[in-house]
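Have a look at the structure below before the remarks.
The values are calculated or read from the model by the stated rules, or taken from the named source; none is laboratory data. The model shown is predicted, which means the values in this text are computed figures rather than measured ones. We place every Cβ from the backbone using ideal geometry, glycine too, and count neighbours over all the protein chains shown. With ligands, DNA and RNA removed, areas are computed over all heavy atoms of the protein, side chains included. Shrake-Rupley method; radii C 1.70, N 1.55, O 1.52, S 1.80 Å.
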Number of protein chains: 2
Amino acid sequence: MTGSLIVVGTGPGKADLMTPATAAALERATDLVGYGPYLDRIPVTRTDQCRHASDNRVELDRARHALSLAASGRQVVVVSGGDPGVFAMASAVFEAIEAGEPGWRTLDIRVEPGVTAMLAAAAEVGAPLGGDFCAISLSDNLKAWTTVERRLKAAAEGDFVIALYNPASKARPHQLGQAFDLLRAIKAAGTPVLFVRAAGTPDAKVVTTTLAAADGALADMRTLVIVGASATRQIGRWIYTPRGEPGTRS
Amino acid sequence: MTGSLIVVGTGPGKADLMTPATAAALERATDLVGYGPYLDRIPVTRTDQCRHASDNRVELDRARHALSLAASGRQVVVVSGGDPGVFAMASAVFEAIEAGEPGWRTLDIRVEPGVTAMLAAAAEVGAPLGGDFCAISLSDNLKAWTTVERRLKAAAEGDFVIALYNPASKARPHQLGQAFDLLRAIKAAGTPVLFVRAAGTPDAKVVTTTLAAADGALADMRTLVIVGASATRQIGRWIYTPRGEPGTRS
């Protein structure tokens, strides 16, 4: 039997935010490979399905293991949260292919899109991503902090809305504060800043503040931070970014 | 009966990329409001549901109509494609609330996230959004072209992957070419450029080229264009952006 590998994202957390295409892939798989807590979200529907849970931060090992299983003829699904192509497992799979067995390049591989965290976070508060926006991972596990700073500066100078993934962890408690300091030097003090924890789950919690008052200690690994553009505003309990600029209408 | 308004996105096109939460909202609605072709994608499951189809480019009128219906007690769903918060109807609804009837501010309103076009486009070709990225709408219907240019420049200088929404239309045939010209002055000639048409539908079609060779005439309103970062590369038939930088590993 010919093996296959599908990389999926289960969405932000609630089962009804996972696409039917992803649910069908999970149902058909002989093997699920992923970070333990993501696998735990998936209901067991078959007794003949193997689950290969691994720790966080071993993405390349996990990708190689999944590719080996597919090469041996298994129907493998690699499980990410959110969307698999946004700071998640899809890139790790292609990195592993590039550095790995030549036979892996001809495997039957597919990526299934999903609802990434910033979309769920935005929906919780209104429409803060309604204008042009950037997504930046603050983690410097895999890139230099100077690269993060360069991108924050460019995003601020371009007046983008900025979504910050991986804003903080126990190993990196101070970087979000440094990011806010950098942004405060360029963006207005009253710029809306949103801390959305566990977006798209029943535990979702939103803190709305301003760039001047934003405290990096409010974020953890389950938080998505959104920093507004100059046009981002509050209306009642909602935060949104208009689609355009005043005075420019077709 | 108290009215409500839910803003949803039906995803890129295939029914199995619409979230179950959105499908449930569509099923429960008394009134669907949206651009005709998006409404046409939704199967009729109830005979007592009113469909209010409108033309493209009348988003604010459509939002006001939806808010009026909700204020009169109807269960209204406003239908976008993709994700409703990304260059779609959610912002138009909040704009209409800000400028509209005071009573609209206390309506029961919710936004349901969906799979936005760039995620479906990325999944078709691999994982080009695997690093930090920006999303920019090239339409200057609602913002000045100088703002688009400023953001393209910032995105290139920050070495972001760049997803271009609304890259071309009959009224704007030359802007994508101008955008490529601007990017060519900053980014390497060999940067991968992807034209993904009808991503996430059975008609999906991908053209892979380089920034030096990219021709704006290859795009239409159903195309999502992705311009790589310096690290974006091809491996076999796949295009991906690694998660980090060479030599930086935790």
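Scan the strands (runs of 3 or more DSSP E) fully inside the range A:39-124 and keep the ones with 1 or more residues being free of Cβ contacts under 8 Å to residues at least 40 places away in the same chain.
Because the criterion is at least 1 residues that are free of Cβ contacts under 8 Å to residues at least 40 places away in the same chain, the strands (runs of 3 or more DSSP E) in the range A:39-124 that meet it are A:50-54.
Just the residues that are open to solvent by less than 10 Å² (accessible area, probe 1.4 Å) and touching a Ser or Thr at 6+ places or on another chain (Cβ under 9 Å), please, taken from the range B:6-25.
Passing the criteria: B:Val7, B:Val8, B:Gly9, B:Thr10, B:Gly11, B:Leu17, B:Thr19, B:Thr22.
Are any of the residues in the range B:1-14 out of contact with any Gly (no Cβ under 9 Å at 6 or more places or on another chain) and within 14 Å of another protein chain (Cβ to nearest Cβ)?
There is at least one residue in the range B:1-14 that is out of contact with any Gly (no Cβ under 9 Å at 6 or more places or on another chain) and within 14 Å of another protein chain (Cβ to nearest Cβ).
Only residues that are within 25 Å of A:Val58 (Cα to Cα) and facing chain B (nearest Cβ under 9 Å): list them for the range A:147-164, please.
Correct list: A:Thr147, A:Val148.
Answer with yes or no whether A:Arg46 is open to solvent by 10 Å² or more (accessible area, probe 1.4 Å) and modelled with pLDDT of 95 or more.
Taking the combined requirement at face value, the residue does not satisfy it.
Out of B:Phe87, B:Phe94, which single residue is open to solvent by 10 Å² or more (accessible area, probe 1.4 Å), in contact with a Gly (Cβ under 8 Å, 6 or more places away or on another chain) and modelled with pLDDT of 95 or more?
Every option except B:Phe87 fails the conditions.
Among the residues of the range B:210-249, write down those that are away from chain A (no Cβ under 14 Å), over 19 Å from B:Ala155 (Cβ atoms) and not hydrophobic (A, V, I, L, M, F, W, C).
Across the range B:210-249, the qualifying residues are B:Asp215, B:Asp220, B:Arg222.
Looking only at the range B:26-38, count how many residues are within 14 Å of another protein chain (Cβ to nearest Cβ) and either in a loop (DSSP other than H, G, I, E, B) or open to solvent by 80 Å² or more (accessible area, probe 1.4 Å) (or both).
Residues meeting the conditions: 2.
Do the conditions hold for A:Asn166, that is, is it in contact with a strand residue (DSSP E or B) (Cβ under 6 Å, 6 or more places away or on another chain), surrounded by fewer than 24 Cβ atoms within 10 Å (Cβ to Cβ), closer than 28 Å to A:Pro20 by Cα and free of Cβ contacts under 8 Å to residues at least 40 places away in the same chain?
No; evaluated as a whole, the condition is false for this residue.
Kindly provide the set of residues from the range B:105-146 that are more than 17 Å from the chain's Cα centre (by Cα), open to solvent by less than 20 Å² (accessible area, probe 1.4 Å) and within 7 Å of another protein chain (Cβ to nearest Cβ), ordered by number.
Selection gives B:Gly126, B:Ala127, B:Gly130, B:Asp132.
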